[in-house]
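Heads up: the structure comes next, in structure tokens.
The values are calculated or read from the model by the stated rules, or taken from the named source; none is laboratory data. Since the model is a prediction, treat every value here as computed from it, not as a measurement. Neighbour counts run over all protein chains shown; Cβ positions are idealised from the backbone, glycine included. Side chains included, ligands, DNA and RNA excluded: accessible areas come from the protein's heavy atoms. Shrake-Rupley method; radii C 1.70, N 1.55, O 1.52, S 1.80 Å.
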Amino acid sequence: MRQPPHVLSGLGLSLIITTLSAQAAGLSAEHKAFGKTNDGTPVEQYILRNSHGLQATVITYGGILQSLMVPGKDGKSEDIVLGFDDVQGYQSGTAYFGATIGRYGNRLANGAFELDGRHYQVPKNDGPNSLHGGPLGFDKRVWKAQPTKSKDSVGVTLTYLSVDGEMGFPGNLKTEVTYSLTENNELRIDYKASTDKPTVLNLTNHSYFNLAGAGNGDVLKQVATLYASQYTPVNATLIPTGELAPVANTPMDFTQPTAIGKNIKADHPQLKFAESKQGGFDFNWVLDAKGDVNKLAADVSDPQSGRRLQLYTSEPGVQFYTGNFLDGTVKGKAGKIYPHWGAFTLETQHYPDSPNQPNFPSTRLDPGKTYTQSVVLKFSAR
Ligand code: GLA
């Protein structure tokens, strides 16, 4: 006969308590089909939920965060990330909505770099430069998935093996990305990678956030704080000049809460490099947290809905991009149109073009070493 819990041994009792607390935590996960790629490869979706109404959907195509439901101060949930309802949207899309980016997030000047005296050429897919790992980067690959669970989170681990020479990069590279959701309203993204030849690597997540809900207008009235006293200025093709420049007295100063639209149209050459007609932000901020994942890196809120996103990262930089290339022609989820400046990204990263910039922190990965990165997105409403 089964014994009632109170007469179980100490070990048995603690086991039961662990199980109960995991259940009481109100976390749940399910996975199901999400259609097929054009060549017939099945794609799955993993839906993670907590008891406070947060719901994250990750798909195995592109390691993409496909949807993120977050309640506002009125309790009403909105999907706050841009994206598509089907795989075909992502396959033909060029904006990297929600995607896991690799091997090299952001730009490599002339699509080239040197490593141990050897020259590597990767495809140029952004004018003279290479962007986000080339035309068939990690965002266009189907990943393997495994559900994960811990005492206080539910998640999914995605893995992808990028073979030696893929998109011009050296080394067989094994990459693992784990999305997990907690009862503290945190969505975590943890990365791990290893290689069998020296290589360069700069992974990120390319979610486009609109805290009022994807497709609900632009983000100009949303208020951002970036804990960064410097940024890396760029040339006309958005390649860093190599300088770390103070944000003080420039439109890049978000050290105090500032409406994203306040200075976006200011007469500043950097803003025009990012968007030649009206201006925009598309730069790497040098985080004061310097890779300390316990220190706040960015804090963005929407005064109207009250939704707030706080970002923590182990990376030294963040690309804050204001959807300058969105032009209202792309139809996203539920047929919604994503307007110009209709979202912002917070792409945690090493600085763009690091392999060609001797003064930037290194993006080199050697055999026997493990690349790691952790990102925490914390949500609340006020
Ligand atoms: C990054 C780049 C931008 C743009 C987007 C994708 O944010 O810095 O210039 O290419 O990705 O559209």
Note to self: Please report the carbon-and-sulfur percent of the accessible area for the chain; probe 1.4 Å, protein heavy atoms only, DNA, RNA and ligands left out.
What the structure shows: 53 percent
Next item on the list: Considering the options 234, 380, 266, tell which one lies farthest towards the positive end of the dipole of segment 223-382, charges being +1 on Lys and Arg and -1 on Asp and Glu at the Cβ, about the Cα centre.
Entry: 380
Notebook entry, point to check: For segment 239-248, in order, what is each residue's ³J(HN,Hα) by Karplus, 6.51 cos²θ - 1.76 cosθ + 1.60 with θ = phi - 60°, in whole Hz (x at glycine and Pro)?
Noted result: 9, x, 6, x, 8, 9, 10, x, 7, 3
Margin query: For residue 35, what residues show an amide H to amide H distance below 5 Å, using hydrogens built from the backbone and excluding near sequence neighbours?
Written below: 43
Note to self: Given N residues in segment 133-230, what is its alpha carbon radius of gyration divided by 2.2 N^0.38 Å?
What the structure shows: 1.35
Item checked: Interchain or long-range residues, amide H under 5 Å from residue 77's placed H -> 72
Next item on the list: Considering the options 216, 109, 291, tell which one lies farthest towards the positive end of the dipole of the chain, charges being +1 on Lys and Arg and -1 on Asp and Glu at the Cβ, about the Cα centre.
Entry: 216
Check: Ratio of segment 211-359's C-alpha Rg to 2.2 N^0.38 Å, to two decimals?
Finding: 1.02
Next item on the list: Evaluate the Kirkwood expression for the hydrodynamic radius of the chain, namely the inverse of the mean inverse distance over all pairs of different C-alpha atoms, and round to one decimal in Å.
Entry: 21.4 Å
Check: What is the set of long-range amide H partners of residue 365 at a cut-off below 5 Å, with H atoms built 1.01 Å from backbone N?
Finding: 199, 200, 201
Margin query: Take residue 369 and residue 119, extend 7 Å from each Cα along the Cα→Cβ direction, and tell me the distance between the two endpoints in nm.
Written below: 2.5 nm
Margin query: Could you compute the net charge surrounding residue 170? Neighbours are other residues with a C-beta less than 9 Å from the C-beta of residue 170; K and R count +1, D and E count -1.
Written below: +1
Next item on the list: Run down the lysines and flag those whose C-alpha is under 24 Å from the C-alpha of residue 149, throwing out any fewer than 8 positions away in its chain.
Entry: 32, 174, 192, 378
Notebook entry, point to check: Once both axes come from the Cα atoms, what is the angle between helix 10-24 and the longest principal axis of the chain, in degrees from 0 to 90, rounded to 10?
Noted result: 60 degrees
Margin query: Under a Cβ-only charge scheme (Lys and Arg +1, Asp and Glu -1), can you give me the dipole magnitude of segment 30-381 about the Cα centre, in debye to the nearest 20?
Written below: 380 debye
